[in-house]
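The next block holds one structure in the form of structure tokens; read it before the comments.
Here, each number is a calculation from the coordinates, and none is a lab measurement. Quantities reported herein were computed from a predicted structural model and do not represent experimental measurements. No Cβ is skipped: glycine too gets one built from the backbone with ideal geometry, and neighbour counts run over all protein chains shown.
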């Protein structure tokens, strides 16, 4: 039976064949999904993958790109959003 700390769904179970011919279950952390654009759901470039605790340790410039809506929208959606807001302000 696994330890109490290992009885969690946040750990991924991997079946491993050992040299002795036995089959064991190894537990490891699940991989994090890349950050996605809020509009088109494409993976964002310029953002690191990782847990929130890992990302919190990074510097500000490594967390997201230096542009409007950086780390929230992809560049193509950002352009359309800025154009939409500009047109709205002139009306």
From 11, 58, 27, grab the single residue that is over 21 Å from residue 82 (Cβ atoms) and touching a helix residue (DSSP H, G or I) at 6+ places or on another chain (Cβ under 6 Å).
-> 27
For residues that are within 23 Å of the chain's Cα centre (by Cα) and surrounded by 10 or more Cβ atoms within 10 Å (Cβ to Cβ), scanning just region 9-28, find the one that is nearest to residue 52 (Cα to Cα).
-> 11
